[in-house]
Amino acid sequence: MSLDEKKHVSTSTLETMDDDDKELLAMGYKPSFKREFTNLATISFAFSIMGLCSSISTTFNTPLLTGGPASVTWCWILGACLCFALGASIAEIVSAFPTCGGLYTASAQLTPKKYRASVGWLVGWLNILGQIAGISSTEFGLSNMILAAVNIGTDGAFEITSGKVVGLFAGLMVVHGLLNSMATKYLAHLTKYFVFVNLGTTFVIIIVLLAKTPRSEMHPASYVFGSDGIVNQTGGWNTGLAFLLGLLSVQWTMTDYDATAHISEEVKRAAYAAPSAIFIAVVGTGLIGWLFNIIIVLCSGPLAELPGPSGNAVLTILFNRVGKGGALAIWVFVCLTAFFVVQTALQAASRTVYAFSRDHGLPDAGFFGKNNKRTHTPLRAIWLTTFICILPGFLALASPVAANAIFSLTAIGLDLSYLPPIICRRIFANHPEVMFKPGPFYMGDGFLGWFCNVACVLWTLFICVIFSLPTVLPVTSENMNYASVITACVIILAYAWYFAGARRHYVGPQSNINDSSVDMIKQDTETKKVSDDEGSNS
């Protein structure tokens, strides 16, 4: 914060301000959110963004029907271990830059002034569009999950059409927009229960499958972990590559790590709570998800009968083991978990749009970078994000191929947006214009820190290649994987826009301390006291 900016902040204001807001002020931003997210709510948010049982249920078909059951088992734990390194690297940066801009803001701060705007611009757009594609694809998947259950419940009498899917999808998006329009206090209160539904549903499925599957019908270890479970069904890829396509499920599930960073201005003790929640959620999702996958494969029955009439292998397995009533009862909670994924993802994405607009990264003169004076939340950014998320769904009515192409941007776009801040943090570590001040979550400059950073960069580059491959051969317009094409177009168009004119209004993260139109929020006394108590007990 410059001397000129300090003049706009009175001494009395600084004295009554908590440490979180002082840190935010030092980074050049007025505190504009109420800090209502406790440790539990923040951890619940981080777990919910990944979905666990719902995300695995919607992506389970891919590894099962490409590399086979053993691909499901081993690719999950392989991908999860490397995701631990990526999660730790991201948590380290979030701890140092706890703002709602997340890695977008950090990437610009970790580069010399010469590159600050161009790097921040690219990371911002990759991250925003990746999040929007993720919200849209998850909501679309939830619509299909709900209608698949209706199909089973009516014994196939209910016909699933694209119009019904898109209609339900749009309705659900509006519901999420309305829920996200609540004040942070209510969002935090609602979110803290998500983790119990998420983990509870996961363990219920595990217990029910083990209890209802006869020992004689459980697959042997050679099928779950060994060569008997490697079944190449790609139609042309060699077996090794078919096996590696199983990574798509774990990488799709364990993404959007930085979502918790985007609510950090609403989190108490953000420099501690946000990175800790990210790491706990990554490790928890990785290990519990592995157990979940193992049990599903163990109790899956004949491979030839999957994915079944519903088109979802997990739902079919539940139906075969516990009957229609039991399967549908459990599926309600799986769908509820997916609902929570979209709820938290929309909150995170809207805060990213807010932060990008606040820094004049959008051609809106900061219009979407303002909070509502009553709720102290970015209602304009929330409804802009909701509207944009609906568009790919409507595109599915005209061209499902085009809609799936946009959905494919999710994982590759988000994962690529994580690399610049991690790489720049190392390359420009000693540059005089870069001041990296480690936060409480810090792996250091020794072996552990370097290993995690290098491993996650190499892994992300490798997995982006896997994300770009079609899962079956021969390639047609229907099964073509457009992820790499869409991502390349985003990068090219983003920079074309930047050099054509955006660089005139976007110069990187910009302080809003001198902006009289932005109100500085004072935290409630009770909120500050709870935050202080949590700090003294940690």
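The values are calculated or read from the model by the stated rules, or taken from the named source; none is laboratory data. Just so it is clear, the structure is predicted and the values come from calculations on it, not from any experiment. Positions of Cβ are backbone-derived with ideal geometry, glycine not excepted, and every protein chain shown enters the neighbour counts. These area figures cover heavy atoms from the full protein model, side chains too; ligands, DNA and RNA do not enter into them. Shrake-Rupley method; radii C 1.70, N 1.55, O 1.52, S 1.80 Å.
Things worth noting here:
- Cα long-axis angle, helix 39-50 against the chain (0 to 90 degrees, to the nearest 10): 50
- Note on the stretch 274-376: with neighbouring protein chains present and a 1.4 Å probe, carbon and sulfur make up 72 percent of its accessible heavy-atom surface.
- Once the Cα atoms are used to define both axes, helix 409-427 deviates from the longest principal axis of the chain by about 50 degrees.
- Ordering of 165-172, 443-450 by packing [mean C-beta count within 10 Å, highest first]: 165-172, 443-450
- Ordering of 415-422, 492-499 by packing is 415-422, 492-499, highest average first (other Cβ atoms within 10 Å, averaged per residue).
- Only Lys, Arg, Asp and Glu carry charge here, each on its Cβ (+1 for the first two, -1 for the last two); on that basis the chain has a dipole of about 540 debye about its Cα centre.
- In order along the stretch 197-206, the phi-based Karplus estimate (6.51 cos²θ - 1.76 cosθ + 1.60, θ = phi - 60°) of 3J(HN,Hα) comes to 5, 4, 5, x, 4, 4, 6, 5, 4, 4 Hz; Gly and Pro are listed as x.
- Summarised in one figure, the compactness ratio Rg/Rh of the stretch 30-161, Cα atoms and Kirkwood Rh, is 1.07.
- Ellipticity estimate at 222 nm from DSSP helix runs (n ≥ 4, -39,500 (n - 2.57)) divided over the chain, nearest 500: -22000 deg cm²/dmol
- Top positive-direction residue, dipole computed over the chain with Cβ charges, set Ser408, Leu247, Val518: Val518
- Among the trypsin sites (Lys or Arg not before Pro) in the stretch 215-319, none sits in a DSSP loop with a Cβ that has at most 11 other Cβ atoms within 10 Å.
- Remark: relative contact order (the chain) = 33 percent; criterion is Cα-Cα distance under 8 angstrom and separation of 6 or more residues.
- The label-point distance for Ile160 and Ser468, in a model that sets each label 7 Å from Cα toward Cβ, rounds to 3.1 nm.
- Helix 162-180 vs. the chain, principal-axis angle (Cα, 0 to 90°, nearest 10): 30
- Largest to smallest accessible area among Glu217, Glu159, Glu23 [probe 1.4 Å]: Glu159, Glu217, Glu23
- Accessible surface, 1.4 Å probe, highest first, among residues Tyr506, Tyr442, Tyr482: Tyr442, Tyr482, Tyr506
- When each of Lys370/Lys437; Lys30/Lys113; Lys164/Lys212; Lys30/Lys114; Lys373/Lys437; Lys22/Lys114 is checked by Cα-Cα distance, pairs over 30 Å: Lys164/Lys212; Lys373/Lys437
- The solvent-accessible area of Thr191, taken with every protein chain present and a 1.4 Å probe, is close to 0 Å².
- Among Phe84, Phe37, Phe279, the order of accessible area from largest down is Phe279, Phe84, Phe37, computed with a 1.4 Å probe on protein heavy atoms.
- Ser137 contributes an accessible area of around 20 Å² to the protein surface, as traced by a 1.4 Å probe with all chains present.
- When each of the peptides 102-114, 139-151 is scored by the mean number of other C-beta atoms lying within 10 Å of its residues, the order from highest to lowest reads 102-114, 139-151.
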